[in-house]
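Heads up: the structure comes next, in structure tokens.
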Amino acid sequence: MEAATGATRAQRLDDYVTEVGQPEVAEIRELAARLRGSRLKMVNSTAVGGGVAEILNRLVPLLEDAGIPTKWEVITGGEEFFAVTKAFHNALHGAPYEGRPHWFDLFLATNEENRKRMQFDEDLVVIHDPQPMGLIHARDGAAREGKAAHWVWRCHIDLSHAHRDVWEFLRPFVERYDASLFSSPAFTQGLSIPQFLFFPTIDPLADKNKPLPPEYVEEVMQRFGIDTSRPVLTQISRFDRLKDPVGVIQAYRIVKKYHDCQLVLAGGGATDDPEGAAVLQEVKEAAAGDPDIRILDLPPWSHTEINALQRGSTIVIQKSLREGFGLTVSEALWKRKPVVASAVGGIPSQVIHKLTGMLVHSVPGCAYQIRFLLSNPDFARQVGEYGHEHVKENFLITANLKRYLLLFLILRRQRG
Amino acid sequence: MNRAGQPFEFVAASYLVRIRRERARTLGDLGRFLRTCSDESIFYHTFQSLETHHYSAFSSDFAQWVLAACNEAALAERLATVDVRGVTSLEELRGALAGALEEHIQASPASAERPAFEPFHFCEAAEVTVPLETRAWTLGELAEGIRRLSLHTLSYHLITSRLRLKLQTNDFSHWIQHSLGRPDLAAKVNNVDFYTNTLEGVRDEVADLLAAEAA
């Protein structure tokens, strides 16, 4: 079935006309035309795996198609460097930090090695996340050669609970950039440089979001033994305690007293992650042989199946205890699904309570809102429609592309 | 059909949201920042967020936050119903909003320092405009042009333009009055309620109104 299994090719801007409309695509092209002749560089720390690489894989071809030559480069570093930056990453998210004295030196030395290896001839340089942050030193050399590029730091991390030691080390680097980009106002740290709002986005044409024929959705639901004649509650996320899969089962058991429904917990990460395997085991024990609970440990290439599971569900749940931005919520909203989600991380930007979904704070609260939606299907449908429109306006990749073009134009205007 | 002496020139408008450093955690904070924040912030949270919150309970971000994060329904209603057509400057609008808040706090002092469920982050919008080739010389052409506008651009001509025009009118009404000599129709367009309708609804209402006059 082509719609479900067709090979992915680099998307072009015009492919999105059906999703966002001709006026929006035309405006993006108008903005890009104003930047003709300018070049852009994106730098991050990995070419595959992880949300940033996924975004850049889709965004860079669209920038090129809009007429902005864009070079994507990945920094290199040894095992210890990436262990250190992982510790930084976790600390910036608010996790405990027990760093060694030489870690900051290692961070700086690896950034310096990359700086020497890389060329910075572009007009706009976007550095993603903390790993390559030290490359800002390259601007000094470029400035001496008369090149005045704009440098921007794109932070994909929630800094609201950043560990003080790590943040105080990184902050002076950040404040040398021309601007910073954050996924939510709540993730910022009150920087002295301009801070812009750059929501993370989903690609409506990617396998996990593209339209699917109803027959394919039905076939996937049947393949996993899900009865589509009864309500289906689904949470899609890796088996991680922070996603609270056991809490979802507890909420389902409350709902089950009132509605004859089923629960699907679908995710991955259990095979290559010892903690994931332990969590999966806990989830299986919590399910305790209930035939209406389906626990699906899916391989990482199951995007189309996950798409079908979301589309085949009555309600999508995201009952995380902590979250980054939680883009799985936007994926469900895009499919016009009523969503019940925790008010954590970036989820409140996506779910406006009782308008584009239902925000919850506890297991009983989660159960209550699911019951409410099941008892009020017209309201649930309306919430799903509003959710779709909210994503269309804010969380699609075309909006991300447009924001980069606007940023470029605004920075150029500020410099005169 | 009357042809204007000067055409209406459409532009494409886009916005990037800048996150400011002010962050209100209580009603008291909000009151203080309302007095000191940028004019652009006042305008953004009162008018420009209509584009993204056009289906929320209140159109004003301030009112929405006071309701959802502070659970102060009466104050939220008061902030949401400040008569935006009755003020002629952002300073006046700022005074109306801050005044309402200060009166509430005076009457209910305990509410000032009660922590909100989540903070209010002050933002403002940076605007980029690109002239389009589309021009309208008649009411019919204006109606057709409006139907093809993106919501951001509609917002620029109908709502953001109020900032340039002392909050009294909008680009369409201004052109209809001064280039077509139709103050009656200009007033009708200016009276379309963009504050409580969705932008899609407003687009249809304005275009239908103009098309009916052009027929």
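Exactly one residue out of B:ALA136, B:ALA211 is touching a Gly at 6+ places or on another chain (Cβ under 6 Å) and over 22 Å from B:ASP83 (Cα atoms), and it is B:ALA136. Out of curiosity, is B:THR129 touching a Lys or Arg at 6+ places or on another chain (Cβ under 8 Å) and either more than 24 Å from B:CYS37 (Cα to Cα) or aromatic (Phe, Trp, Tyr) (or both)? Here the answer is no, as B:THR129 does not meet what is asked. When each of B:THR153, B:THR198 is tested for being under 18 Å from B:THR134 (Cβ atoms), β-branched (Val, Ile, Thr) and within 14 Å of another protein chain (Cβ to nearest Cβ), the lone residue that passes is B:THR153.
Filter segment B:4-20 for residues that are more than 22 Å from the chain's Cα centre (by Cα) and at pLDDT below 95 and give the result. Working first, answer last.
First, the residues of segment B:4-20 that are more than 22 Å from the chain's Cα centre (by Cα): B:4-7.
Selection gives B:ALA4, B:GLY5, B:GLN6.
Restricting segment A:188-236 to residues that are under 30 Å from A:LEU170 (Cβ atoms), in contact with a helix residue (DSSP H, G or I) (Cβ under 7 Å, 6 or more places away or on another chain) and part of a strand (DSSP E or B), the residue that is nearest to the other protein chains (Cβ to nearest Cβ) is A:LEU197. Just one of the listed residues (A:ARG34, A:ARG100, A:ARG39) is touching a Pro at 6+ places or on another chain (Cβ under 7 Å) and farther than 30 Å from A:PRO211 by Cα, namely A:ARG39. For segment A:92-115, a residue qualifies if it is over 21 Å from A:CYS155 (Cβ atoms), at pLDDT below 95 and either among the charged types (D, E, K, R) or surrounded by 21 or more Cβ atoms within 10 Å (Cβ to Cβ) (or both), and the qualifying residues are A:GLU98, A:ARG100.
In segment B:58-86, how many residues are under 13 Å from the mean Cα position of the chain (by Cα), in a loop (DSSP other than H, G, I, E, B) and of a type in the set (A, V, I, L, M, F, W, C)? Residues that pass the stated criteria total 3.
Quick check on B:ALA116: is it away from chain A (no Cβ under 11 Å), in contact (Cβ under 8 Å) with a residue 24 or more places away in the chain and in a helix (DSSP H, G or I)? So B:ALA116 fails the test. Output the residue which, of all residues in segment A:321-360 that are of a type in the set (Ser, Thr, Tyr) and more than 18 Å from A:LYS208 (Cβ to Cβ), is modelled with the highest pLDDT. So, considering only residues that are of a type in the set (Ser, Thr, Tyr) and more than 18 Å from A:LYS208 (Cβ to Cβ), the one modelled with the highest pLDDT is A:SER342. If you go through segment A:340-382 and keep only what is farther than 23 Å from A:SER160 by Cβ, buried (at least 17 other Cβ atoms within 10 Å of the Cβ), of a type in the set (A, V, I, L, M, F, W, C) and away from chain B (no Cβ under 14 Å), you end up with A:VAL340, A:VAL363, A:CYS366, A:ALA367, A:ILE370, A:LEU373, A:LEU374, A:ALA380. Among the residues of segment B:119-149, those that are away from every other protein chain (no Cβ under 12 Å) and in a helix (DSSP H, G or I) comprise B:LEU139, B:GLY140, B:GLU141, B:LEU142, B:ALA143, B:GLU144. The condition of being surrounded by fewer than 22 Cβ atoms within 10 Å (Cβ to Cβ) and more than 14 Å from chain B (Cβ to nearest Cβ) holds for A:LEU242. When segment A:133-173 is filtered for residues that are farther than 19 Å from A:VAL74 by Cα and among the β-branched types (Val, Ile, Thr), only A:VAL166 remains.
The condition of being surrounded by 14 or more Cβ atoms within 10 Å (Cβ to Cβ), within 19 Å of B:HIS45 (Cβ to Cβ) and in contact with a Phe, Trp or Tyr (Cβ under 6 Å, 6 or more places away or on another chain) holds for only one of B:GLU118, B:GLU124, B:GLU102, that being B:GLU124.
What are the residues in segment A:383-416 that are small (Gly, Ala, Ser) and more than 14 Å from every other protein chain (Cβ to nearest Cβ), if any? Selection gives A:GLY416 alone. Do we find that A:ILE55 is in the same structural domain as A:VAL126 (by TED's automatic domain parsing), touching a residue at least 40 places away in the same chain (Cβ under 8 Å), farther than 26 Å from A:ALA138 by Cβ and not in a loop (DSSP other than H, G, I, E, B) in this structure? No. Considering the conditions (1) out of contact with any helix residue (DSSP H, G or I) (no Cβ under 6 Å at 6 or more places or on another chain); (2) among the β-branched types (Val, Ile, Thr); (3) closer than 15 Å to B:PRO7 by Cα, B:THR134 is excluded by exactly one of them, (1). Annotation: of all residues in segment B:170-208 being of a type in the set (Ser, Thr, Tyr) and under 15 Å from B:ARG85 (Cα atoms), the one that is surrounded by the fewest Cβ atoms within 10 Å (Cβ to Cβ) is B:THR196. The test for being surrounded by fewer than 15 Cβ atoms within 10 Å (Cβ to Cβ) and among the charged types (D, E, K, R) holds for B:ARG35. With respect to A:ALA32, determine if the residue is within 14 Å of chain B (Cβ to nearest Cβ), touching a Gly at 6+ places or on another chain (Cβ under 6 Å) and either closer than 18 Å to A:LEU406 by Cα or of a type in the set (Asp, Glu) (or both). Answer is yes for this residue.
The values are calculated or read from the model by the stated rules, or taken from the named source; none is laboratory data. Everything quoted here is computed from the prediction, not taken from an experiment. When we count neighbours, we look across all protein chains shown, and the Cβ atoms used for this are built from the backbone with ideal geometry, even at glycine.
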